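This is the structure I have questions about; it appears just below.
Derivation of every value follows stated rules applied to the coordinates shown; laboratory data play no part. All of these numbers come straight from a predicted model, not from anything done at the bench. For neighbour counting, all protein chains shown are included, and Cβ atoms are generated from backbone atoms with ideal geometry for every residue, glycine included.
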Amino acid sequence: MKESPWEINIANIKEEGFDLALDLESDWFSRWQEEVPGLEFTGPGSISGNIHLEKHGQEILLRGHLEGTLPLSCSRCLAAYAEPVAVDFDLLLEPGPEPAVAEEELTAEELDLDFYQGDVVDLEKYLREQVLLMLPLKPLCAETCKGLCPRCGADLNRESCRCEAEETVSPLAAALAKLKK
Ligand SMILES: [Zn+2]
Ligand SMILES: [Zn+2]
């Protein structure tokens, strides 16, 4: 059996619960990126936090807090930047195999329910899910990012190009301006 610091034996979850401090850094992110190429973030993030596990009969309550930064690329200007992220989560883990449900059918409520197999809770899976949930749908290096010019590709945060000036004058307005001269 592989040794993983993320595999918590259920027998080790005592009455008072089980607490774990986390520091997810380069190693953790690199391994993930090796296993799942094409992740949206552009390099290793830096996430710290803590996990609390509680046994309630067969069910396990997994409560956690994560915060830190994830390296993303801006959806407007494509520049790499560090997105500050934070999440608090509660997951109810039930024993048994994951039911076969297409992902788009999952509602927000169902996302709080998860599954574990055997006598081990593999935290890695749940941590990865939470990190993915923290990703913004539309990453932006700054709310005010001006993006790239759709015509010439210039980064409008750093330089202004001539395209915009030409575009704001419509052909009709230009024709009228000529007539007036
Ligand atoms: Zn940007
Ligand atoms: Zn331009």
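Can you tell me which of 58-71, 149-162 comes out highest on packing, and rank the rest after it, using the mean Cβ neighbours within 10 Å? Don't skip to the answer; put the middle values down first.
Details: 58-71: 17.4, 149-162: 13.1.
Per-residue Cβ counts within 10 Å, averaged per peptide and sorted highest first, yield 58-71, 149-162.
Can you check what the net charge comes to around residue 140, using other residues whose Cβ is under 10 Å from the Cβ of residue 140 (Lys, Arg +1; Asp, Glu -1)?
Working: positive: 76, 138; negative: 83, 143.
For residues surrounding residue 140, the net value is 0.
Starting from 0 in steps of 10 Å, tell me what percent of the Cα-Cα pairs of segment 7-145 lands in each bin.
Pair shares across the bins are 10, 37, 35, 14, 3, 0.
At 222 nm, what helix-only mean residue ellipticity would the chain give, in deg cm²/dmol to the nearest 500, using -39500 (n - 2.57) for each DSSP H run of four or more? Could the numbers behind the result be given before it?
Details: 4 runs with 38 residues, N = 181.
About -6000 deg cm²/dmol.
Convert each backbone phi in segment 79-93 into a coupling constant with the Karplus relation 6.51 cos²θ - 1.76 cosθ + 1.60 (shift: θ = phi - 60°), then list the ³J(HN,Hα) values in order as whole Hz, x for Gly and Pro.
Values, residue by residue: 6, 6, 8, 9, 8, x, 9, 7, 8, 10, 9, 10, 10, 9, 9 Hz.
How big is the dipole moment of segment 7-145 about its Cα centre under a simple scheme where the beta carbon of each Lys and Arg is +1, that of each Asp and Glu is -1, and everything else is neutral? Debye, nearest 20, please.
Computed about the Cα centre, the dipole is about 560 debye.
Let me ask something additional. Tell me which of 41, 177, 74 sits at the most positive position along the dipole axis of the chain, charges placed on C-beta atoms (Lys, Arg +1; Asp, Glu -1).
Result: 177.
How much length would be gained if the chain were fully extended between residue 69 and residue 50, taking 0.36 nm per residue of separation minus their Cα-Cα distance, in nm to one decimal?
Taking residue 69 through residue 50 to full extension adds about 5.3 nm, to one decimal.
Also, quick follow-up: Going by average Cβ density within 10 Å per residue, which order do the peptides 124-132, 90-98 take, highest to lowest?
Result, highest mean first: 124-132, 90-98.
Helix 26-35: angle to the longest alpha-carbon principal axis of the chain, degrees 0 to 90, nearest 10?
Once rounded, the angle reads 90 degrees.
Right, something else. Relative to the longest principal axis of the C-alpha atoms of the chain, give the angle of the C-alpha long axis of helix 123-134, reported between 0 and 90° and rounded to the nearest 10°.
So the helix axis and the longest Cα principal axis differ by about 20 degrees.
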